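Structure first, then comments.
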Amino acid sequence: MRKHKTFGKGTNLSCILMAALLQDRGVDAQYVDLGDAISRDLPPALRQEIVSCDKRVPVMTSLFEGIPGGPNNAIGKSPIDLCAASVAAGVGAQELQIWAEVDGFFTVDPRRVPGARLIPSVTPSEATQLLSHSSKDIQAFAIEQAIRARIPVCIKNVLNPHGSGTMISLDDVIDAPSCIGTSSTLTAGCKDSVQKQSSFNFAPTSHSKRPTAITIKDRIMVLNVHSNKLTSAHGFLMYLFRVLDKWNLSVHSDPSSLPANVKLQLGNVLEPFPEEMLGKYDLVRVKLLYAALKKDEWLLAARNLKTLLKPGGYLFWSEIGAYGYASNPYSEAFHEWKRIESEAAVKLGRDPKCPVLLPYQFRQAGFEGVDEKVFVTLGRPDLINIITKMALFYMPQNLNGLLKLGVMSPDLTEGKVNSLVETVTKETENGVEIGTNFHWVWGQNLGSS
Ligand SMILES: C[S@@+](CC[C@H](N)C(=O)[O-])C[C@H]1O[C@@H](n2cnc3c(N)ncnc32)[C@H](O)[C@@H]1O
């Protein structure tokens, strides 16, 4: 708490100094301390603070002190943006300007791509998506607050004040707001850029919209989390998120962090899809169901998936199967694993030949223009590492799973699983290459069944 108070004191002193400086330069300014404003309903409370300044220019602190967790929580990291958004909402501002150290949003990261262009205007959902994928020191939450209060936001750069900035417009249809602020040249910048946008036909039409920007996210880690079922589901998730929070890891499986046009839903390919999903999609993409489907379920899945397609829409399915693995030089341990997997597949009612029959099943389901490409990874130096990593990750899971299911003969023991995994690991370290075949199968829905 003392740390937050110390942060807060720096802000207080700066504001006192700035108010004095403005007064010294002939601007009637007033210092406003917002230290405890967080405990009240923010926008009206901030409005009251502004109104009490009458005609004087308010120089406000941000909201460090009152925020639980201070500058170390999500809000506290950039309380100035939130404070500004709340003030804008409180006074019903025509526009909120956020002055940061970036020119605005670019079509792609300008540090990586020299030809990146500044985007004159983005929609609120684009801004939220771009902020969640960038390191910009602007807070998406604050922008959401302003947009919710129907206030457009203009991002400007303190290091390049004459730059045009990016306007976060209220709607997809851009209604250029009249800018307010202390510098008409600067505020006109955003407005100009909105008009330019229209003339460049960047603006979305009611029919279609080109992608606004491309973002790259690196240092992504995929965590495979397994519950031992000893704790309740919510207790387990609470613990999991606590650990992630401790290491400051943001989680992207959280549906609220998905782009606004992406929706996650559970569906079963073996059951009819809900009415509202039928005939709605141009493309349905399916991947890696081979362990999920029994021999006679592939056709049923293809038929059900076809019902999702618009007339003319495509189903694209990529699949692997136990049959399609190879090693070079030949690895006995690796092929023993694949033999066990094929034997288990038969016992579990699966088809070890899958996905070889998939194009045939597509035709049976009524798809037209059915075609296939088999992508062979063996012998591809660029793919060895990833395929080996995948196989070594999957191998113990697969064998231990079969062991637990108890479907295999008693000669599959924990000792045998460990020895197979150890041998294949060593062999691949010593240059044995392993590969698999990916079957890409596609077909078009032209209405026949
Ligand atoms: C090997 S994973 C592939 C996951 C994902 N498609 C990918 O490529 O990363 C197989 C997935 O199929 C899902 N699955 C199993 N049975 C299914 C069914 N009847 N309908 C839809 N999905 C199913 C499982 O939940 C699992 O997520």
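We did not get these values from a lab; they are worked out from the coordinates using the rules stated. Worth saying up front: this structure is predicted, and the values here are computed from it rather than measured. Cβ sites come from the backbone with ideal geometry, for glycine too, and all protein chains shown count toward neighbours.
Whole-Hz ³J(HN,Hα) for each residue in region 416-427, computed from phi via Karplus 6.51 cos²θ - 1.76 cosθ + 1.60 with θ = phi - 60°, x for glycine and proline: what do you get?
Couplings: 5, 4, 4, 5, 4, 5, 4, 5, 5, 4, 5, 4 Hz.
Could you check the simple spin-label distance between Ala20 and Phe236, using points 7 Å along Cα→Cβ, in nm with one decimal?
Result for the modelled spin labels: 6.0 nm.
Give me His335, His226 ranked fewest to most by other Cβ atoms within 10 Å of their Cβ, as a rough exposure proxy.
His226, His335
Where a ≥ b ≥ c are the square roots of the eigenvalues of the C-alpha gyration tensor, would you call region 357-428 rounded, which needs a/c under 1.5, or, failing that, prolate if a/b is larger than b/c, or oblate?
Oblate.
Taking the beta-carbon count within 10 Å as an exposure proxy, list Arg56, Arg150 from fewest neighbours to most.
Exposure proxy ranking, most exposed first: Arg150, Arg56.
So how do Met167, Met238, Met390 line up by other beta-carbon neighbours within 10 Å, fewest first?
Arranged by neighbour count, lowest to highest, Met167, Met238, Met390 become Met238, Met390, Met167.
Cα convex hull of region 320-449: mean projected area in nm², to one decimal?
Averaging across all directions leaves 8.9 nm² for the Cα convex hull.
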